[in-house]
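The block underneath contains the structure these notes are about, expressed in structure tokens.
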Amino acid sequence: QVQLVESGGGLVQAGGSLRLSCAVSGRTFDMWHMGWFRQAAGKEREFVASIYWSGGSTYYADSVKGRFTVSRDRAKNTVFLQMNSLKPEDTAVYYCAAKSGVGYIRLPSGYGYWGQGTQVTVSS
């Protein structure tokens, strides 16, 4: 079993930056992919970014390209999401997720493990 714990969320003004962390523990030997999703109030959970655990290939939603960067430190079992040039529309609960099988990396249903989420609020 895999456990994920997000941290680093908070309140920031538009144009500011935040760095989210996701600590991974447990049964990780069959984990293939790590994703970041977000869910704004009253909206569905949406894909933000993802990274292959071993190879490091990354993927981004169009809305965050050029502003967000996903990375990982395998030695520390940690995934990061660096968020720059934040906008009010980035306000949401951000979730870290782990995918252990083959599937669509941009769909929440493709991930079997989820963190508790961390709130990111961007003021205008």
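Any read-out appearing in this document is the output of simple, stated calculations on the displayed coordinates, not a laboratory observation. None of these values were measured; they are calculated from a predicted model. Positions of Cβ are backbone-derived with ideal geometry, glycine not excepted, and every protein chain shown enters the neighbour counts.
When the Debye formula is applied to the Cα atoms of the chain, each taken as the same point scatterer, what base-10 log of I(q)/I(0) results at q = 0.10, 0.11, 0.21 Å⁻¹? For the chain, the Cα-only Debye profile gives -0.26, -0.32, -1.19. Residue-wise HN-Hα couplings along segment 86-93, as the Karplus relation 6.51 cos²θ - 1.76 cosθ + 1.60 with θ = phi - 60° gives them from phi, are 5, 10, x, 6, 7, 4, 4, 8 Hz; Gly and Pro carry x. Rounded to the nearest Hz, the phi-derived 3J(HN,Hα) couplings of segment 60-70 under the Karplus curve 6.51 cos²θ - 1.76 cosθ + 1.60 (θ = phi - 60°) are 9, 5, 4, 5, 10, 4, x, 10, 10, 9, 9, where x marks glycine and proline. Annotation: amide H-H contacts under 5 Å for ARG72 (H modelled 1.01 Å from N, sequence separation of 5 or more, or interchain): PHE80.
Using a ≥ b ≥ c from the Cα gyration tensor of segment 28-98 (square roots of the eigenvalues), is it rounded, prolate or oblate, where a/c under 1.5 gives rounded and otherwise the larger of a/b and b/c decides, a/b for prolate?
Prolate.
Label-to-label distance, GLN119 versus SER17, with points set 7 angstrom from Cα along the beta-carbon direction: 2.5 nm. Backbone geometry of segment 102-116 corresponds, through the Karplus equation with coefficients 6.51, -1.76 and 1.60 at θ = phi - 60°, to 3J(HN,Hα) couplings of 7, x, 7, 6, 9, 10, x, 5, x, 10, x, 10, 9, x, 7 Hz, x marking Gly and Pro. The antiparallel fraction among DSSP beta bridges confined to the chain stands at about 90%. What whole number of Å gives the distance from the Cα centroid of segment 4-39 to the Cα centroid of segment 71-118? With segment 71-118 and segment 4-39 each reduced to a Cα centre, they are spaced 5 Å. When the Cα atoms of segment 60-124 are aligned to their principal axes, the ranges along those axes come out at 39, 28, 24 Å in descending order.
Report note on the peptides 53-61, 104-112: ranked by the mean count of other C-beta atoms within 10 Å, highest first, their order is 104-112, 53-61.
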